[in-house]
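Participant: The structure follows.
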Amino acid sequence: MGLGIQPLLAARTATAGTGPLTIVAAGATFASATKIQCTQFLVSNTTGGGLSVALPPIGGDAGAFLGDDFIINNASTASLNVFCSTGVTISVAGSNQNSIALTSHQTLTAYPISTTQWIGLRGS
């Protein structure tokens, strides 16, 4: 930011985004899940036990921009739930759903394509 770059642009051009790369999952619903921040483009979870993380909202000053890519890695030995906010779905694994489960050592790459829709690629 010391180069005269606007804060939103600086955050979006930073390698892997901003914020910690390791995230600690919590809760079992969107409301209690650990929220991924709008410029936290690459995160790796090391906690398991069916805990959850939530994708950021889409749009606005604190939301994801259309076409941003978010990579979530589940480095734990248990499943990880990834939630979308209320009224938003993610198209992955053959259907539109409000959440997706990542098994141990599985990765999800998610892209917001509208204010109510994400698309995702899930793999190992």
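Participant: Which residues, taken from region 45-73, are free of Cβ contacts under 8 Å to residues at least 60 places away in the same chain, in a strand (DSSP E or B) and out of contact with any Gly (no Cβ under 8 Å at 6 or more places or on another chain)?
Facilitator: The answer is N45, V53, A54, A64, F70, I71, I72, N73.
Participant: Another question, then. Scan Q106, Q97, Q117 and give me the residue that is open to solvent by 20 Å² or more (accessible area, probe 1.4 Å) and free of Cβ contacts under 8 Å to residues at least 12 places away in the same chain.
Facilitator: Sole residue among the options that is open to solvent by 20 Å² or more (accessible area, probe 1.4 Å) and free of Cβ contacts under 8 Å to residues at least 12 places away in the same chain: Q97.
Participant: Residue by residue through region 35-89, note down the ones that are surrounded by fewer than 20 Cβ atoms within 10 Å (Cβ to Cβ), within 15 Å of Y111 (Cβ to Cβ) and touching a Pro at 6+ places or on another chain (Cβ under 7 Å).
Facilitator: G63, L66, D68
Participant: F30 is checked against (1) out of contact with any helix residue (DSSP H, G or I) (no Cβ under 8 Å at 6 or more places or on another chain); (2) open to solvent by 30 Å² or more (accessible area, probe 1.4 Å); (3) without any contact (Cβ under 8 Å) to a residue 60 or more places away in the chain and fails just one. What number does that condition carry?
Facilitator: That leaves (3) as the condition not met.
Participant: With the structure loaded, tell me whether V92 is crowded, with 16+ Cβ neighbours inside 10 Å and within 15 Å of I23 (Cβ to Cβ) or whether it fails that test.
Facilitator: So V92 does not fit the description; no.
The values are calculated or read from the model by the stated rules, or taken from the named source; none is laboratory data. Please read all numbers here as calculations on a predicted model, not as lab measurements. Cβ: placed from backbone, ideal geometry, glycine included. Neighbour counts: every protein chain shown. When the accessible area is computed, the model is the full protein with side chains, heavy atoms only, and any ligands, DNA or RNA have been set aside. Shrake-Rupley method; radii C 1.70, N 1.55, O 1.52, S 1.80 Å.
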